[in-house]
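Read the structure below first, then the notes.
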Amino acid sequence: MDVPKLLEAATLLVPEEIATENDITVRDVWEYLREDEWDTALALLEELGDIEPLPLSFWETLTTAAEQLRLTRSAAWCRWRSYETRHGVIRADLTLRQASEARRQTPFDGAGVLRPMWNIGNRTPSGEPALDIARLWVESIPFLAPGGRSSVRLAPLDPPQWQHLRPGQVITMHEDRSIAGTAVILDIHYPRTPRVQ
């Protein structure tokens, strides 16, 4: 399927009455599609997808369109949102340790590439802390450097292990046994059923 048809199909999954903070609606997306401005239409659809839960097929369709447009970061974001549609959203405020205090000496790509371990309070059968793996998406900036701070999204390898977390809880990030950063849970949203059109 070609890009315009994919974007048109995704547009049909967005309720007409929802709008972004800037009053962007699905009608605006249709205007960009008529003008063959596919990158802009895709970006607006991604933004509309943040307003309320949309079906998994919405994010999967956008992923395919972004891949065909060779928009690597956009495709990664849409794949991320597909994961969140299935498993829920975990957001946290992460502060990394300074390079002088931790193993990490360089910034990392914030687009869901890093898969650190997290101490989220789980224990091994012998009572030792169990570290759980979750991919990390940094919001608003492309890279996070040692000593940096940002809101992040987490995609656990085993989501049920994370269901005990609550906003305000502090968890620690590990790239080895030492602490690489500290995060405060901002909010958790378990999967909701998107409304039927």
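The values are calculated or read from the model by the stated rules, or taken from the named source; none is laboratory data. Since this is a predicted model, take the numbers as computed values, not measurements. So basically every Cβ, Gly included, is an ideal-geometry build from the backbone, and we count neighbours across all protein chains shown. Ligands, DNA and RNA are excluded from the accessible area calculation, which covers all protein heavy atoms including side chains. Shrake-Rupley method; radii C 1.70, N 1.55, O 1.52, S 1.80 Å.
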request  = Could you work out how far apart the two model spin labels at E17 and T124 are, taking each label as a point 7 Å from the Cα in the direction of the beta carbon, and quote it in nm?
outcome  = 5.4
task = Could you work out the Rg to Rh ratio of region 38-197, with Rh taken as the Kirkwood radius (inverse of the mean 1/r over all Cα pairs)?
result = 0.99
ask   = Expressed in nm to one decimal, what extension gain is obtained for the pair K5 and A145 from 0.36 nm per residue of sequence separation less their Cα-Cα distance?
value = 46.5 nm
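Divide by every residue of the chain the summed helix terms, -39500 (n - 2.57) for each DSSP H run of at least 4, and state the resulting mean residue ellipticity at 222 nm, rounded to the nearest 500 deg cm²/dmol. Kindly include the intermediate steps, with their values, before the conclusion.
Numbers: 5 runs with 58 residues, N = 197.
Mean residue ellipticity, 222 nm, calculated: -9000 deg cm²/dmol.
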message = Can you give me the % of accessible surface on the chain that is carbon or sulfur? Probe 1.4 Å, all protein chains present, nothing else counted.
response = 51
request  = Could I have the simple spin-label model distance between L56 and D187, label points 7 Å from Cα toward Cβ, reported in nm to one decimal?
outcome  = 2.4
request  = Could you state the accessible area per residue of the chain in Å², with a 1.4 Å probe and every protein chain left in place?
outcome  = 53
request  = Assign one of three labels to region 1-97, namely rounded, prolate or oblate, based on the Cα gyration tensor with a ≥ b ≥ c the square roots of its eigenvalues; rounded applies when a/c is under 1.5, prolate when it is not and a/b is larger than b/c, and oblate otherwise.
outcome  = prolate
query = Sorting T95, T85 by accessible area (1.4 Å probe), largest first, what list results?
reply = T95, T85
Loop sites in region 2-93: GluC sites (Glu not before Pro), DSSP, at most 14 other Cβ within 10 Å = E16, E17, E21, E35, E37
request  = Multiply the residue separation of Q98 and L131 by 0.36 nm, subtract the distance between their alpha-carbon atoms, and state the gained length in nm to one decimal.
outcome  = 9.7 nm
